[in-house]
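Student: My structure is below; once you've seen it, I'll send some questions.
The values are calculated or read from the model by the stated rules, or taken from the named source; none is laboratory data. Computed from a predicted structure; not experimentally measured. Glycine gets a Cβ as well: all are built from the backbone with ideal geometry, and neighbour counts include every protein chain shown.
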Amino acid sequence: MSAITQIPQLLVYGIVSGSILALGGIGVSLTYSILGFSNFAHGDIMALGAYIGLGLLGLFTAVGLADTPLGPLSFGPGFILAMVLAAGLTAAAMIIIDRLLFRKLRHAGPIILMMASIGLALGLRNVIQFFWGPQPHYYIARIQVAVPIPGIDARIKSDEVFIIVLAIVLVAGVHAFLRYTKMGKAMRAMADNAALARVTGINTDRVIAWTWVIGGGLAAVAGILAGVENKFITPQLGWQMLLSIFAGVILGGIGNPYGAIIGCVIIGISEEVSTAFISTGYKPAVAFVIMILMLLVRPTGILGRKA
Amino acid sequence: MKKVVVLMAVALLVGLSVSALGAEAIKIGALMSLTGSLGPYGPPIVDGAKLAVEQINAAGGILGHPLKLIVMDTATNPDVGRDAARKLVELNQVPAIVGALSSGVTLAASSVTIPAGVVLISPASTSPGLTALNDNDYVFRTVVSDAMQGGVLARLALLLGYKKVSVIYVNNAYGKGLDIAFKKSFEAFPNRSVIAEVPYEENKASYRGEVAKAMEGDPDAILFISYPVDGNKQIVEAVEAGYTGHFLFSDGMKGEGVAPGPACPANGKPGPIEGAFGTAAGAPQVAVAAQFNKDFAAKFGPTSVPYNTQAYDAVAVIALAAARAIANGQPVTGETIRDNLRAVANPPGEVVTYNEFAKAFALIKAGKDINYEGVSGPVDFDKDGDMAQGVIEVWKIQGCHVINIALAKVP
């Protein structure tokens, strides 16, 4: 197989990885536009979600909740329940963290907030390491053989189909929420102009709470899906993905959640396809190069507006 | 009068305790991977060294000097390993160190120990790159070089009938060295070729790209020169990507690397790597090895991790060399341990073996030559500080367990 014939398979990997990155990117983008800072803790929020999910999964197994795989998937209803609960718990954790940390810094500059988020990132990672240790944990200990996709020279696992479909459903859900609900409109208004939004009577505290709920919940799902895809999770799981996510968010146009989704999928695909031509060790560098090129050519990103 | 008696008693007590303390403890260091890629291997190897220390102290210490082992974690990382070596050399002022495990870490640590004149004996670093090291003869190992393991792997692949083999190797001194040794030996056989050599970086979330490259061209077998955690991911990803060929493993994958895990399902059904073969530096099937395994299991529990015997032997030869230095009226330093190492480990001399420290120390005290024959082999150092001969074991996965099936004498 030459580099060219590898491409269909790498595209599949890229779409899967891009879907996971996109779920993380939405949160980064919303935090940036509504709270006004780059949240460096977002990767570790993903890891937190993944570990909460792991804990719940262990709990369910311990109380004897049968986890027979659903159809062709390698996990069962217990896993789905764990994922939903973990998303909820992570969202709740983010609201508490916002109260304890970011709320006190609301009027500090973006640099202070960014520094606080780096502190939070280190804190979360070490809390995870304290409870679960630095060694990798199996997320799913079942082997699932990838099946050939008809028509193209590539294979895909049922779990990967699940990841792509779930990502599409969640993105559609976020879109519907932002477009058609009152809170979604309030969020967009606040992203456009926070002061004006407050004057028009929008409850900014509630908007901020919802931002954390959506960002945290999606981050947890992204972390768990990364666990499904890679089979193992480590406390570094989210931190390793953060650079790619930031690259995707900037590529798509920082502050625009739709741009973040497109940007993250492009980054995911570029990183994987690049491995056909250059060493796999350069994957993170690929994301970085694309981000730098975009900043040079079009600093506002694909969907960003002219400042 | 009473006062005088009390004083005399005190003086006597002080004198006694001084003479007991008089034999100052000899401290040696251990650089071990307690965390990082080789983290699963570290503890049983440390236990192998500890067993030797306990038996030496039970035999009265090194001619009366109690032996103390200071264990440091290298995190399987060259930088951390170098710092740990510096601490052992400068703070603890040890004359000799057992370690490190990974060849890359051993090389990094040697950059500290060689200039300081401290003996470094690795029980597990198998890279051929250590042989020609410009080390002033301060770096040794009690494990055979991969130049030999590569040859046995190649013979094994030939016997199993594999014609095209791909190699995935960890991108460091160990992985690269063994890959080269294997390729050289394998391609020396007619119609045998290595069709892909894929390096990988440690501790990544996934290795799909590397695995896909190794699967190109439908190899009969893929040789995994990997560390346990990484290798486990690679096995799973290969199977999930539709790989149906054979698996071949090096020493890095023995034990925790292959069983049990996703590649070996808990439901008792044979997993995808059932029946796969591997190699590792082994212990000869001698009576002392059986006794070692029995004593080790009684103290620390059984283990299938390699190199605990090599760690035991490394401590043993350091202690014997130190004893010979003391018997000759020399101070115990890195230099004197180095100079006495071959005298106690190599022939000629009366043979002493596992847990015969009391006998060995008595012989040394009497000025006799000894030849230590270890648990892992004859432990004879050549001019490069490598093992002059050794044994490579061939193992197999059977029912998700590692079974040792054969021993190959090298060279």
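Student: Which helices (runs of 4 or more DSSP H) does the range A:168-269 wholly contain that include 2 or more residues that are touching a Lys or Arg at 6+ places or on another chain (Cβ under 9 Å)? Before you say what the answer is, go through the steps one by one.
Tutor: Numbers: elements: A:182-192, A:194-199, A:204-230, A:237-252.
Because the criterion is at least 2 residues that are touching a Lys or Arg at 6+ places or on another chain (Cβ under 9 Å), the helices (runs of 4 or more DSSP H) in the range A:168-269 that meet it are A:182-192, A:204-230, A:237-252.
Student: Continuing with this model, one more query. When the residues of the range A:1-19 are narrowed to those that are farther than 15 Å from B:LYS213 by Cα, within 11 Å of chain B (Cβ to nearest Cβ) and among the hydrophobic types (A, V, I, L, M, F, W, C), which ends up surrounded by the fewest Cβ atoms within 10 Å (Cβ to Cβ)?
Tutor: Step by step, filter the range A:1-19, then rank; the result is A:VAL12.
Student: Can you find a residue that is among the small types (Gly, Ala, Ser), over 27 Å from the mean Cα position of the chain (by Cα) and not in a loop (DSSP other than H, G, I, E, B) anywhere in the range B:192-204?
Tutor: The answer is yes, given that some residue of the range B:192-204 is among the small types (Gly, Ala, Ser), over 27 Å from the mean Cα position of the chain (by Cα) and not in a loop (DSSP other than H, G, I, E, B).
Student: Would you check if A:THR211 is surrounded by fewer than 19 Cβ atoms within 10 Å (Cβ to Cβ), over 30 Å from B:LEU34 (Cβ atoms), out of contact with any Pro (no Cβ under 7 Å at 6 or more places or on another chain) and of a type outside the set (Gly, Ala, Ser)?
Tutor: no
Student: Now, a different point. B:LEU159 passes all but one of (1) on the phi < 0 side of the Ramachandran plot; (2) in contact (Cβ under 8 Å) with a residue 12 or more places away in the chain; which number fails?
Tutor: Unmet condition: (2).
Student: Additional query: Does the range A:167-203 hold any residues that are modelled with pLDDT under 95, under 30 Å from A:SER17 (Cβ atoms) and touching a Ser or Thr at 6+ places or on another chain (Cβ under 6 Å), and which are they?
Tutor: Within the range A:167-203, just A:ALA191 meets the criteria.
Student: Follow-up question, since we're still on this one. Which of the residues belonging to the range B:22-47 are out of contact with any Ser or Thr (no Cβ under 6 Å at 6 or more places or on another chain) and part of a helix (DSSP H, G or I)?
Tutor: B:GLY22, B:PRO43, B:ILE45, B:VAL46, B:ASP47 - these are the residues of the range B:22-47 that are out of contact with any Ser or Thr (no Cβ under 6 Å at 6 or more places or on another chain) and part of a helix (DSSP H, G or I).
Student: A further question follows. Residue by residue through the range B:179-214, note down the ones that are of a type in the set (A, V, I, L, M, F, W, C), more than 22 Å from A:SER270 (Cα to Cα) and within 14 Å of chain A (Cβ to nearest Cβ).
Tutor: Step one: filter the range B:179-214 for residues of a type in the set (A, V, I, L, M, F, W, C), giving B:180-182, B:186, B:188-189, B:194-196, B:198, B:205, B:211-212, B:214.
The next check asks that each one be more than 22 Å from A:SER270 (Cα to Cα); those that pass are B:180-182, B:186, B:188-189, B:194-196.
Those that are of a type in the set (A, V, I, L, M, F, W, C), more than 22 Å from A:SER270 (Cα to Cα) and within 14 Å of chain A (Cβ to nearest Cβ): B:ILE195, B:ALA196.
Student: State yes or no: is A:PHE246 aromatic (Phe, Trp, Tyr), over 11 Å from the mean Cα position of the chain (by Cα) and either surrounded by 24 or more Cβ atoms within 10 Å (Cβ to Cβ) or within 14 Å of chain B (Cβ to nearest Cβ) (or both)?
Tutor: no
Student: Being over 21 Å from the mean Cα position of the chain (by Cα) and closer than 22 Å to A:SER279 by Cα is the filter here; which residues of the range B:170-191 pass it? Walk me through how you get there before you give the answer.
Tutor: Let us first name the residues in the range B:170-191 that are over 21 Å from the mean Cα position of the chain (by Cα), namely B:183-191.
B:LYS183 - this is the single residue of the range B:170-191 that is over 21 Å from the mean Cα position of the chain (by Cα) and closer than 22 Å to A:SER279 by Cα.
Student: Modelled with pLDDT of 90 or more, surrounded by fewer than 24 Cβ atoms within 10 Å (Cβ to Cβ), touching a helix residue (DSSP H, G or I) at 6+ places or on another chain (Cβ under 6 Å) and β-branched (Val, Ile, Thr): does that describe A:ILE262?
Tutor: On the way: modelled with pLDDT of 90 or more: yes; surrounded by fewer than 24 Cβ atoms within 10 Å (Cβ to Cβ): yes; touching a helix residue (DSSP H, G or I) at 6+ places or on another chain (Cβ under 6 Å): yes; β-branched (Val, Ile, Thr): yes.
Considered against the rule, which asks whether it is modelled with pLDDT of 90 or more, surrounded by fewer than 24 Cβ atoms within 10 Å (Cβ to Cβ), touching a helix residue (DSSP H, G or I) at 6+ places or on another chain (Cβ under 6 Å) and β-branched (Val, Ile, Thr), A:ILE262 comes out as yes.
Student: Considering B:ALA30, B:ALA52, B:ALA84, which residue is crowded, with 20+ Cβ neighbours inside 10 Å, out of contact with any Pro (no Cβ under 7 Å at 6 or more places or on another chain), over 30 Å from B:LYS359 (Cβ atoms) and at pLDDT 95 or above?
Tutor: B:ALA84
Student: Residue under question is A:ALA86, and the condition is that it be under 30 Å from A:LEU35 (Cβ atoms) and either within 14 Å of chain B (Cβ to nearest Cβ) or crowded, with 19+ Cβ neighbours inside 10 Å (or both); does it hold?
Tutor: yes
Student: Here is a follow-up. Looking at this structure, is B:ASN404 outside the structural domain of B:PHE140 (by TED's automatic domain parsing), among the polar types (S, T, N, Q) and either surrounded by fewer than 21 Cβ atoms within 10 Å (Cβ to Cβ) or assigned to a loop (DSSP other than H, G, I, E, B) (or both)?
Tutor: yes
Student: While we're looking at this one, here's another question. Given the residues B:ILE225, B:ILE195, B:ILE273, which is the only one that is crowded, with 19+ Cβ neighbours inside 10 Å and modelled with pLDDT of 85 or more? Spell out the reasoning first.
Tutor: Numbers: B:ILE195 fails: crowded, with 19+ Cβ neighbours inside 10 Å; B:ILE273 fails: modelled with pLDDT of 85 or more.
The unique qualifying residue is B:ILE225.
Student: Among the candidates A:ILE152, A:ILE214, single out the residue that is modelled with pLDDT under 90 and either small (Gly, Ala, Ser) or farther than 18 Å from A:PHE79 by Cβ (or both).
Tutor: A:ILE152
Student: Continuing with this model, one more query. With in a strand (DSSP E or B), in the same structural domain as B:ARG324 (by TED's automatic domain parsing), surrounded by 23 or more Cβ atoms within 10 Å (Cβ to Cβ) and among the hydrophobic types (A, V, I, L, M, F, W, C) as the only criterion, which of B:VAL105, B:VAL71, B:VAL98 stands out?
Tutor: Working: B:VAL105 fails: in a strand (DSSP E or B); B:VAL71 fails: surrounded by 23 or more Cβ atoms within 10 Å (Cβ to Cβ).
On inspection, the qualifying residue turns out to be B:VAL98.
Student: Which residues, counting only those in the range A:204-231, are in contact with a helix residue (DSSP H, G or I) (Cβ under 8 Å, 6 or more places away or on another chain) and over 20 Å from A:ILE80 (Cβ atoms)? If you could, list the steps in order and put the result at the bottom.
Tutor: Looking only at the range A:204-231, we keep the residues that are in contact with a helix residue (DSSP H, G or I) (Cβ under 8 Å, 6 or more places away or on another chain), and these are A:204, A:206-231.
Across the range A:204-231, the qualifying residues are A:THR204, A:ARG206, A:VAL207, A:ILE208, A:ALA209, A:TRP210, A:THR211, A:TRP212, A:GLY215.
Student: Does B:GLY175 qualify as being within 14 Å of chain A (Cβ to nearest Cβ) and in a helix (DSSP H, G or I)?
Tutor: Taking the combined requirement at face value, the residue satisfies it.
The rows are residues; the columns are (1) closer than 20 Å to A:GLY173 by Cα; (2) charged (D, E, K, R); (3) touching a Phe, Trp or Tyr at 6+ places or on another chain (Cβ under 9 Å); (4) in a helix (DSSP H, G or I).
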{"residue": "A:GLY24", "(1), (2), (3), (4)": "yes, no, no, yes"}
{"residue": "A:GLY55", "(1), (2), (3), (4)": "no, no, yes, yes"}
{"residue": "A:PHE60", "(1), (2), (3), (4)": "no, no, yes, yes"}
{"residue": "A:LEU65", "(1), (2), (3), (4)": "no, no, no, no"}
{"residue": "A:SER74", "(1), (2), (3), (4)": "no, no, no, no"}
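Per-residue answers, yes or no, for (1) free of Cβ contacts under 8 Å to residues at least 12 places away in the same chain; (2) away from every other protein chain (no Cβ under 14 Å):
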{"residue": "A:ILE152", "(1), (2)": "no, yes"}
{"residue": "A:VAL161", "(1), (2)": "yes, no"}
{"residue": "A:VAL174", "(1), (2)": "no, yes"}
{"residue": "A:MET187", "(1), (2)": "no, yes"}
{"residue": "A:ASN193", "(1), (2)": "yes, yes"}
{"residue": "A:ILE202", "(1), (2)": "no, yes"}
{"residue": "A:TRP212", "(1), (2)": "no, yes"}
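Student: Let me ask you something else. Quick check: anything in the range A:277-297 within 29 Å of A:ALA92 (Cβ to Cβ), surrounded by fewer than 24 Cβ atoms within 10 Å (Cβ to Cβ) and among the aromatic types (Phe, Trp, Tyr)?
Tutor: No - not one qualifying residue is present in the range A:277-297.
Student: Given the conditions (1) within 16 Å of B:THR142 (Cβ to Cβ); (2) in contact with a helix residue (DSSP H, G or I) (Cβ under 8 Å, 6 or more places away or on another chain), which single one is not true for B:ASN355?
Tutor: Only one criterion in (1) within 16 Å of B:THR142 (Cβ to Cβ); (2) in contact with a helix residue (DSSP H, G or I) (Cβ under 8 Å, 6 or more places away or on another chain) is unmet by B:ASN355, namely (1).
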